[in-house]
Amino acid sequence: MNIDFEHPSLLKLLAIIPIFWGLSALALGRLPLWRLIASNFLRGLVLALLLLCLAGLSRIEKLPGESVLIFCADVSDSISLENKAWVMNSIMNIENGLGKKVKRGLVVFGKDAQVMAPVDERLKPENLRWEVDTSRSNAASGLLACLSIFPKDSKKRIILFTDGNENLGSGLQAASILEKQGIEVHALELPPPPEVKETYVKKLMVPEEIAQGEAFEARVAVENKGNLPSKGRLSLYEGQRFLREWETSFSPGLNTFDFLYENPQRGFLEFRAVLEAESDTDPNNNLHEAFVNVRGKPRILYLQGEVSPHNRPFLVEALEGKDVEVELRGPRDMPRTLQELLGYECIILSNVPATTLGHEQMEALKNYVGDFGGGLVMLGGEHSFAQGGYAGTAVEEILPVKVTTGSTFIEEKPRKVAVILLVDKSGSMTGSKLFATKKAAVELMSQLKSDDLMGLIAFDVIPYDIIELMPVRDLQSSIVNKLTRLNAGGGTDIFPAMKEAYKKLVNSGSQVSHVILMSDGNTRSVYYSYESLMEMFKQANISVSTIAIGGWLVNTRLMKDIAMRTRGEFYILKDVKDLPKLVVTDADKALTKADFHEEQFVPKLDPSSEILKGITQEQIPPLRGYSLTRPKPTAEVPLVADVRGVDDPILADWRYGLGKVVAYTSDAEARWSNQWVNWAMYNKFWSQTIHWAMRDRPRGEYALQIEEREGKPHLVIESSIGDFDRLQLRLLSSGLEGHEVNLRQVAPRRYIASLETYQPGYYTLDVSTFKGDKLMDHATKGLIIPPQARPLPFESLSQGNNREFMEAVTRITHGKINPGMEELGQDTGEIEKKEDLSKFLIPLAMGLFLIDIAIRRIGVA
């Protein structure tokens with residue numbers, strides 16, 4: 001029989017017994033000597049017994065018992081299929097070599113543990129099907145699962161099959177628990193892993209930012225982790241464009257490949273390196289991406305309502321050659337996304353009708369100015385402002401002027417009006433059509449004022465003056481007579497008739513001229529001959545509305561083009577009875593429209609304007625017309641026209657959100673600004689206007705850096721100035737419309753934001769600083785979020801065996817590494833039965849204490 005202490009360190013307290021005796025003798029000094037000695041002895045003995053109880057005195061008795069051996073197998077992903085098969089074969093070989101009286105069990109573990117076979121005399125091979133999560137290795141769960149199935153009175157042993165690369169739980173803590181239960185843990189080393197054969201793209205290195213036209217090198221690093229060369233092919237792409245291919249043998253270790261990229265253009269470049277190799281076990285690491293931001297001159301997008309391949313706008317020519325880059329497009333080629341717009345510092349809309357811009361494009365333009373500080377300059381013309389259909393749109397919201405429909409601006413002073421009806425009198429106009437035409441002429445005359453001019457030209461292949469262009473008061477008594485001369489017959493040629501109408505209207509001296517053409521459009525003159533004629537009508541500000549008569553035989557292309565090019569309306573007549581009403585309605589619409597004013601005048605200048613710095617009133621040449629608008633309350637109006645008795649804006653500007661907007665209600669071309677395009681200050685005026693509207697240059701520098709923190713990308717931004725109390729960031733990409741980023745301040749002028757939810761690629765980063773509600777600074781920068789390194793799996797076949805872990809577990813539990821069968825195959829074993837002796841010591845101490853009390857009481861008596 002052996003004794004054991006659970007807390008042997010407490011035995012050191014026995015040294016206080018002599019001190020206790022001395023103190024007790026002083027307290028009981030009046031007792032007779034023999035009783036004093038007896039009491040002190042008993043008290044010391046009681047104290048000694050109590051200390052033995054606290055130290056955990058127990059009796060150990062070794063008895064014969066059954067032997068139990070449990071196999072604990074690691075089946076996580078770091079164990080190869082070959083090694084898993086080796087483990088199962090080893091288990092069956094050991095199991096066959098065990099004595100008949102040895103009971104055995106089986107536990108497997110990965111992220112958690114599963115009891116495959118409870119303690120029994122034999123293992124059943126058909127039960128070896130596990131269902132555990134193999135993505136992690138938790139040896140502690142396997143060892144503790146073994147503890148739970150051991151019989152109470154048995155010789156307990158565990159054989160641990162593992163590579164020792166645990167990544168969950170603590171196997172050493174579990175071993176300490178097993179040691180206290182008297183359980184031995186033996187470990188069998190697994191065969192070494194097979195030789196690694198892996199070649200992959202380690203890195204693709206390019207500069208983050210360069211200037212336009214600056215050559216740079218792209219470097220690809222390929223690593224061969226094997227011991228032998230590996231044949232393969234490496235390809236490099238920029239976007240979808242193939243750059244170069246290297247077909248070679250990759251030596252063990254690091255291999256680098258360089259490519260010189262020349263003359264990069266403004267924007268961002270996406271590079272991809274793609275690898276195909278013989279020695280490759282993981283296809284997921286054969287692709288690497290990198291991005292380069294190419295800086296260039298500030299870009300201005302000039303959208304022209306009508307783009308001619310032969311004539312460039314005067315304003316474009318004035319801006320070219322400066323410190324900006326101007327890109328000319330038609331309105332239908334306007335960028336459709338905010339991300340595309342942010343590539344420009346300023347957008348110019350020159351005589352662009354609203355109908356050519358979609359709702360989404362207008363909203364993007366509004367966000368471009370208000371949220372991202374872009375500039376907008378809107379120029380007037382016959383298709384701009386109200387006459388361009390901008391009333392009530394998102395574009396009108398950001399303009400410094402109010403765009404109102406023509407009814408608000410009907411001229412108060414009298415205007416001279418002239419209208420000519422052009423009537424096709426060919427053979428197709430017989431019967432009710434001709435009658436309806438005559439009725440329409442009479443109805444039109446009744447709607448015009450007595451001073452207005454009216455005429456009617458009939459035509460087949462040549463024109464006929466049915467009604468000379470004359471005042472309505474002179475026509476009222478003779479119109480019916482004149483209309484009797486209108487008879488159908490002959491062919492059709494519209495061109496001579498239109499030319500005749502043009503001559504009459506140009507020489508009429510009228511301020512408003514309009515033509516109503518009624519025909520099927522089937523003319524003898526070829527189409528291209530009308531091009532110059534339509535341009536003449538347009539320049540003379542003579543509108544032509546066309547009414548298609550003739551059903552399916554109508555030449556709609558010509559009729560539509562005439563109306564569109566001359567700012568008229570196109571109609572298809574469905575019922576001939578509606579012709580008179582249609583003529584009257586069109587004339588009323590054309591003659592009351594007054595969204596612009598045409599008259600020569602000299603704008604009045606405000607000398608305090610920043611835009612007009614260096615330009616005086618005496619230098620301003622006259623203009624011939626402008627679109628009618630009204631300034632918004634907070635807008636600045638440096639140029640006005642007072643010809644109508646009110647100050648109409650010619651040049652207005654203001655800030656909208658983070659950006660700036662300029663409205664120039666005249667045009668920048670020869671129709672209204674023919675003297676301006678030859679003005680010596682023309683270039684200076686527009687250069688200062690455009691530069692004022694362009695995105696502000698930031699006052700501070702904002703350093704950007706991408707850092708990996710806890711395996712996730714983070715953006716660190718640091719400002720060079722600190723005169724603000726709030727910093728706002730917005731990220732924008734082609735699929736992300738201005739998303740605000742959550743920032744956390746980590747130091748003065750230093751902020752950090754998580755980019756975990758953003759995909760790798762190029763983003764536009766908008767930085768704004770505020771003090772209270774006041775904007776202090778604004779900057780727009782390019783940001784490249786690199787591809788995240790693919791996280792290594794917790795379980796890797798190439799890790800090998802962690803012998804240190806196995807040695808620690810076996811040392812703690814008094815086991816061995818790679819034990820022999822003689823140590824594992826014992827049929828029986830001695831089991832230690834431990835009995836706590838405190839159940840005897842405490843009653844004995846209580847009895848001795850009562851005797852001590854009796855001795856002291858007798859002494860007192």
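The values are calculated or read from the model by the stated rules, or taken from the named source; none is laboratory data. Predicted model only: the values in this text are computed from it and were never measured. For neighbour counting, all protein chains shown are included, and Cβ atoms are generated from backbone atoms with ideal geometry for every residue, glycine included. Accessible surface areas use protein heavy atoms only, side chains included; no ligands, DNA or RNA. Shrake-Rupley method; radii C 1.70, N 1.55, O 1.52, S 1.80 Å.
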From the list Val377, Val417, Val395, Val401, pick out the single residue that is open to solvent by less than 30 Å² (accessible area, probe 1.4 Å), among the β-branched types (Val, Ile, Thr), modelled with pLDDT of 80 or more and within 28 Å of Asp451 (Cα to Cα). Val417
Determine if segment 483-506 includes at least one residue that is touching a residue at least 40 places away in the same chain (Cβ under 8 Å), under 18 Å from Gly568 (Cβ atoms) and open to solvent by 60 Å² or more (accessible area, probe 1.4 Å). no
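Across segment 30-65, what is the total count of residues that are in a strand (DSSP E or B), modelled with pLDDT under 75 and open to solvent by 50 Å² or more (accessible area, probe 1.4 Å)?
Result for segment 30-65: 4.
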Mind checking whether some residue in segment 160-177 is open to solvent by less than 20 Å² (accessible area, probe 1.4 Å), over 21 Å from Ser80 (Cα atoms) and either without any contact (Cβ under 8 Å) to a residue 12 or more places away in the chain or assigned to a loop (DSSP other than H, G, I, E, B) (or both)? no
Evaluate segment 509-528: report whether one residue or more is open to solvent by 40 Å² or more (accessible area, probe 1.4 Å), aliphatic (A, V, I, L, M) and in contact with a helix residue (DSSP H, G or I) (Cβ under 7 Å, 6 or more places away or on another chain). no
Among the candidates Ala693, Ala753, Ala779, residue that is modelled with pLDDT under 85 and either within 21 Å of Phe291 (Cβ to Cβ) or touching a Gly at 6+ places or on another chain (Cβ under 9 Å) (or both): Ala779
Looking only at residues that are in a loop (DSSP other than H, G, I, E, B) and in contact with a Lys or Arg (Cβ under 8 Å, 6 or more places away or on another chain) in segment 615-643, which one is surrounded by the fewest Cβ atoms within 10 Å (Cβ to Cβ)? Asp642
Restricting to segment 660-682, name every residue that is surrounded by fewer than 22 Cβ atoms within 10 Å (Cβ to Cβ) and hydroxyl-bearing (Ser, Thr, Tyr). Tyr682
Of the criteria (1) part of a helix (DSSP H, G or I); (2) crowded, with 16+ Cβ neighbours inside 10 Å; (3) of a type in the set (S, T, N, Q), which one Asn293 fails: (1)
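For segment 138-157, enumerate the residues that are open to solvent by 40 Å² or more (accessible area, probe 1.4 Å) and within 22 Å of Ser76 (Cα to Cα).
Initial filter on segment 138-157 (open to solvent by 40 Å² or more (accessible area, probe 1.4 Å)): 144, 147-148, 152-153, 155.
Leu144, Leu147, Ser148 - these are the residues of segment 138-157 that are open to solvent by 40 Å² or more (accessible area, probe 1.4 Å) and within 22 Å of Ser76 (Cα to Cα).
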Among all residue pairs at least 6 apart or on different chains, which show Cβ distances below 8 Å where the first residue, located in segment 1-29, is at pLDDT below 75 and the second is part of a loop (DSSP other than H, G, I, E, B)? none
Look at segment 227-246 and say how many of its residues are more than 29 Å from Gly267 (Cβ to Cβ) and open to solvent by 100 Å² or more (accessible area, probe 1.4 Å). 3
Return only the number of the condition from (1) touching a strand residue (DSSP E or B) at 6+ places or on another chain (Cβ under 6 Å); (2) free of Cβ contacts under 8 Å to residues at least 12 places away in the same chain; (3) over 24 Å from Gly374 (Cβ atoms) that His739 does not satisfy. (3)
Per-region count, segment 671-686, residues within 44 Å of the chain's Cα centre (by Cα), not hydroxyl-bearing (Ser, Thr, Tyr) and not in a loop (DSSP other than H, G, I, E, B): 4
Boolean, Gly253 is at pLDDT 85 or above, over 30 Å from Val661 (Cα atoms) and not hydroxyl-bearing (Ser, Thr, Tyr): yes
